[in-house]
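Enquirer: Below: one structure in structure tokens.
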Amino acid sequence: MDYQAIADKIELVLASLSNVSDEELRDLAETYARACQEVNQRLQDIHHLIKAGERSEAIRRADIAPRLLDAVDALDLPDRDAWVDICTLKRLPQPPELLTQYVAELNEAYESEQGLAGLLRQHRLLALARAPLAKRAAVLRQLAEAEPENPIWVEDLQTLEKFWLDQISQEIQECVKAEDLSALEDIHKELESGQWRCAPPASVISQCRSAVEMLRNKAFRREMEHLATLIREAMERRDVSRVEELLRVWQERAATAPQWVDWDLQNKVQPAMLLAKQLEAERQAERRRRQLFNQFQQMLVNPPSRTELEKQYLALQEAGVTLPPDVEERYAAVIDMYRRRAALRRNILLVVMTVVFIAAGVIVWKVQAQIQTNQIAANAVAVVEAYIESKQFEEAENYLADLEEKHPQLLERPELIAIKTRLQEAHQEENSRQKKLADLLSMVERSLESVPNAPALDQATSLARTPEEKERVAALRTQAEKRWAALRAEAEEEFRKRINQLEEDLNQIVHSNNLSVEEELHQLSQLVERVNRLESENRDKGLSFDRELNQLRDRASARLMEVAKTSKRERSVRELCSAAAQGTQAYLAAVRKIAAGADSVGLTDLTMVEAELPRLDALPAWNNAAALWNDSRTVLSAQARTTLLEQINSLQVEPVDAFPLKMEERQRLEAYLTIISQRDQLALTIVPALNEEWKQPLISDAWFVQLKNGRRYYSREQPGRLIKVVRSLKSDKDEELPIVQSMVEYQGRAPHTVLYNRVEKALADWSAKSWEASADTVLSEIIRFSRKEPPELPELPLLFHLFWETLTVAKSGDVGWQVFWNAWQDTLQKLRDQYPANYDWPRVAQDNSSRNFDDLRAFFNKLPPPEEVLKQVASTRQEYRGIPWPRLEWVGIVIEDDQRVWYVRGVRGEIVQDGAPLFILEAPPGGKGLFLQRIGMWQGQRGVVQKAGSLRLYNGRPVVAFVPPAHN
């Protein structure tokens, strides 16, 4: 499209509007509006690329013909307002406003790109020439430093560094093999440079360092051995000067690397070193003699003191220097001159001392008084200054008052007047300092509750003088620093939480499958604004979260640009997912809306969804049942049990093994519900019968007497002198017997009656709701009484009978006791066969020769303690009750992609685990319940369709999945 030609036509039209027909105007308006839209779209794309750090790509696209800046310049009409007015009056297409605010951004990108042109050219040339990796890495580092906002350079540099690190060990070995020390040192310098984005492994650096040291050692040793050979050859030729020159070079080189100079190398040059030391000692001795002789001659020309001259003469004698005769004569003449001068000085000194002694006696008495006065004044000034320095102002004032009484004339001296003035000023200054310090410290203490006052604390630190003041300031500073650290830690923790929340929000947006394009763009824009606000706050508070915020903004911007490029078909699919997350009604509306234009997006079979949507109405009932079962606090009423059974029986899954619950778990769940659903009926039938069994007078209200001979008699009435004995269960008449107290060992309530009193309330309250509690109480008490000793132990046949009858009722309505029954069923049945319900236990108790019931005693002793039995029963109930009932959720829709491959687009994919089976809803047999047909499994962010058989798929078809129950 020729934008300049369009602009020129508009200018001509504006100049001669009357000569243009309405049809031509409309065509021109449509063309211009379309051109503005195209240019705006290009500007937006360029803007997103620049924001994403892809500046080079943005410039490349801007330079595609027609160049974007030329197009903007052409379409930005000088009389644009006049053209817009004409379009408005004639109802022509309105041109959109040009996004000229992005032009400045593009110009800046051009300027930055031109500044990088040299580096980019060098980078391309090095890449084409397959230059060494070190040179290419150096150029990439310059590019990354010159363009820090572009992440591509950092990524390329990291890739190059990783590739180089993979090869660098081989390069080091090749350099060692070739003994190329220069190349190896270059590699070591590069590794130690600290400019790596991917830090080199310490092992590689250590390997390179060791290799460099090894080659340096080899080169150094070869050089030193060569020097040693040259030194040895020079000594053989007796070329002393050459030996000394080579030895000096050897020592200089040895000093550069003493760690590599071993005894072997030193021994090779040891003779030469000894020779050099001997020659050097001889030269030094000769130089010393010449130096002493020259100094002595200079002293004779300009004689110093006699002592120094004689000392120099002795030094010459010790060094073995023989003086010429003329020098000896000059020395003797100088010494004689010194003797004459000394005699003259002694005479003059005696005269002067006499005169001085006489004058001193005259002067001393005149100045002594003045000296004493000056000393007193000086001492007074020093004492007062010391008091002022130590802040002892009262002591200084007392000292001056005492001095005024003793020496009033001294206070008129200038130094004492000045010190008094200084004392007054220092005292006032100290009072002012103490008051200001106290105010500052009080201000700091008040601020510790909120934000410590740093300026006040700094001023107080500078004002503190005494140890006590400094200690108090230090204590306050410690508290303030702790408070500052706590405040900063709180701010950083709060800031980090906000960053983490932004990251969670971004991840939720990115991984959400139920947002339309417009909704996601809106949420991403809001999130970028939140990141910008947080970044500004980070700078204001002086925190250090720049890297985290930059990464977060880059991720959000990249996602924003990616979503902005979404195709029309993808927008429709996302709109469907967004509507599906809101429910069937919203989804139905979206289906009808998109189906109206399905030809343009390739979703022509979308209308088939409407017939299937009513099947989703069965999901809430299933999930309500799951919530009811999975809530451990739920009391399963009769209605609840019925509902649960109906739901578990109404579900059909194909294939069967795709159902989350194993067959065994499902059977146990059904068994549990079936058993507890019988409680209401059992509470009306067998529970009353059990109560009647326990309420028999011989059980619930019995007395007994035990004789010393072991016989035991039971009665329905309290015995006195006589006892009405129940001789047999088969007899209706009681026999009255006299009681001889001397024969009685025990007399009182029957033990089984005591047991009945313990369980009476539990038996009376036994109902469907309290089934488990009542059964646990009665059976545990029976087991507890079985461990008692006579006379508190009930008759074992009767105790077993009560245990059998109670357990039979308990297991009929409780899985816990049913499992317990199954574990002991064989033993219980054998004992029941031997001790049936009509076993005549009163008759046996009266027979002194009766059996001890070892089999019953062994059975009860074999049972675990009652507490352990209750734990086992409770654990069994929990195993059944704890079977998880999975929820059934609408998690996606079936979509066919561009390659005609079916997949499942997530609606609520975040709740689905990887590998979870996916199902479609087929028409259930009979029209009721749920019939699920597996079509694939969930992987990552979408579902994989594994179509089988005659299964029919179409776009938009709902997909459901089982999800774990929510824990309460």
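Enquirer: Specify the residue that is farthest from the chain's Cα centre (by Cα); the eligible residues are those in the range 53-63 that are surrounded by fewer than 19 Cβ atoms within 10 Å (Cβ to Cβ) and in contact (Cβ under 8 Å) with a residue 12 or more places away in the chain. Give the steps one after another, and end with the answer.
Expert: Step one: of the range 53-63, the residues surrounded by fewer than 19 Cβ atoms within 10 Å (Cβ to Cβ) are 56-57, 60-61, 63.
Right, trim to in contact (Cβ under 8 Å) with a residue 12 or more places away in the chain and you get 56, 61.
Details: S56: 36, R61: 41 Å.
Applying the filter and picking the extreme gives R61.
Enquirer: Something else now. Would you check if there is a residue in the range 794-807 being farther than 17 Å from W841 by Cβ, part of a loop (DSSP other than H, G, I, E, B) and either touching a Pro at 6+ places or on another chain (Cβ under 6 Å) or not basic (K, R) (or both)?
Expert: no
Enquirer: Can you name the number of the only condition in (1) closer than 30 Å to G53 by Cα; (2) assigned to a loop (DSSP other than H, G, I, E, B); (3) at pLDDT 75 or above that R571 fails?
Expert: It fails just one condition, (2).
Enquirer: Same structure again: Here are the criteria: (1) surrounded by 13 or more Cβ atoms within 10 Å (Cβ to Cβ); (2) modelled with pLDDT under 80. Tell me which single one H511 does not satisfy.
Expert: (1)
Enquirer: Something else about it: With the requirement that a residue be touching a strand residue (DSSP E or B) at 6+ places or on another chain (Cβ under 7 Å) and of a type outside the set (A, V, I, L, M), what does the range 649-699 give you?
Expert: Our first condition is that a residue be touching a strand residue (DSSP E or B) at 6+ places or on another chain (Cβ under 7 Å); within the range 649-699, this holds for 650-655, 658-660, 698.
The answer is S650, Q652, E654, P655, F659, P660.
Enquirer: Being within 30 Å of K662 (Cα to Cα) and aliphatic (A, V, I, L, M) is the filter here; which residues of the range 832-882 pass it?
Expert: V869, L870, V873, A874
Enquirer: Condition first: farther than 16 Å from V869 by Cβ and without any contact (Cβ under 8 Å) to a residue 40 or more places away in the chain. Now tell me which residues in the range 809-836 satisfy that.
Expert: Looking only at the range 809-836, we keep the residues that are farther than 16 Å from V869 by Cβ, and these are 809, 812-813, 826, 829-836.
If the condition is that a residue be farther than 16 Å from V869 by Cβ and without any contact (Cβ under 8 Å) to a residue 40 or more places away in the chain, then D826, Q829, K830, L831, R832, D833, Q834, Y835, P836 are the ones that fit.
Enquirer: Now a separate question. Restricting to the range 293-313, what's the tally of residues that are of a type in the set (F, W, Y) and either free of Cβ contacts under 8 Å to residues at least 24 places away in the same chain or touching a strand residue (DSSP E or B) at 6+ places or on another chain (Cβ under 9 Å) (or both)? If you could, list the steps in order and put the result at the bottom.
Expert: As a first pass, look at the range 293-313 and keep what is of a type in the set (F, W, Y): 293, 296, 313.
Subset that is either free of Cβ contacts under 8 Å to residues at least 24 places away in the same chain or touching a strand residue (DSSP E or B) at 6+ places or on another chain (Cβ under 9 Å) (or both): 313.
Total satisfying the criteria: 1.
Enquirer: Also, quick follow-up: Can you tell me which of A426, A369, A401 is surrounded by fewer than 10 Cβ atoms within 10 Å (Cβ to Cβ), part of a helix (DSSP H, G or I) and either within 60 Å of the chain's Cα centre (by Cα) or modelled with pLDDT under 70 (or both)?
Expert: Values: A426 fails: surrounded by fewer than 10 Cβ atoms within 10 Å (Cβ to Cβ); A401 fails: either within 60 Å of the chain's Cα centre (by Cα) or modelled with pLDDT under 70 (or both).
A369 is the lone residue from the list that is surrounded by fewer than 10 Cβ atoms within 10 Å (Cβ to Cβ), part of a helix (DSSP H, G or I) and either within 60 Å of the chain's Cα centre (by Cα) or modelled with pLDDT under 70 (or both).
Enquirer: While we're looking at this one, here's another question. What is the number of the single condition among (1) assigned to a helix (DSSP H, G or I); (2) in contact with a His (Cβ under 9 Å, 6 or more places away or on another chain) that L99 does not meet?
Expert: For L99, the exception is condition (1).
Enquirer: A further question on this structure: So which of T354, T421 ends up being over 30 Å from R488 (Cβ atoms), exposed (fewer than 11 other Cβ atoms within 10 Å of the Cβ), of a type in the set (V, I, T) and modelled with pLDDT of 70 or more? Break it down into steps so the answer makes sense when it comes.
Expert: On the way: T354 fails: modelled with pLDDT of 70 or more.
Answer to the selection: T421.
Enquirer: Same structure, new question: Which condition from (1) surrounded by 13 or more Cβ atoms within 10 Å (Cβ to Cβ); (2) closer than 30 Å to R887 by Cα is the one that G583 breaks?
Expert: (1)
Enquirer: Sticking with this one: Residue by residue through the range 649-676, note down the ones that are more than 44 Å from the chain's Cα centre (by Cα) and farther than 17 Å from Q878 by Cα. Give the derivation first.
Expert: Within the range 649-676, the subset more than 44 Å from the chain's Cα centre (by Cα) is 649-652, 654, 667, 670-676.
Within the range 649-676, N649, S650, L651, Q652, E654 meet the criteria.
The values are calculated or read from the model by the stated rules, or taken from the named source; none is laboratory data. This is a predicted model, so every value here is computed, not measured. Neighbour counts are summed over all protein chains in view; Cβ atoms, including those assigned to glycine, are modelled from backbone coordinates with ideal geometry.
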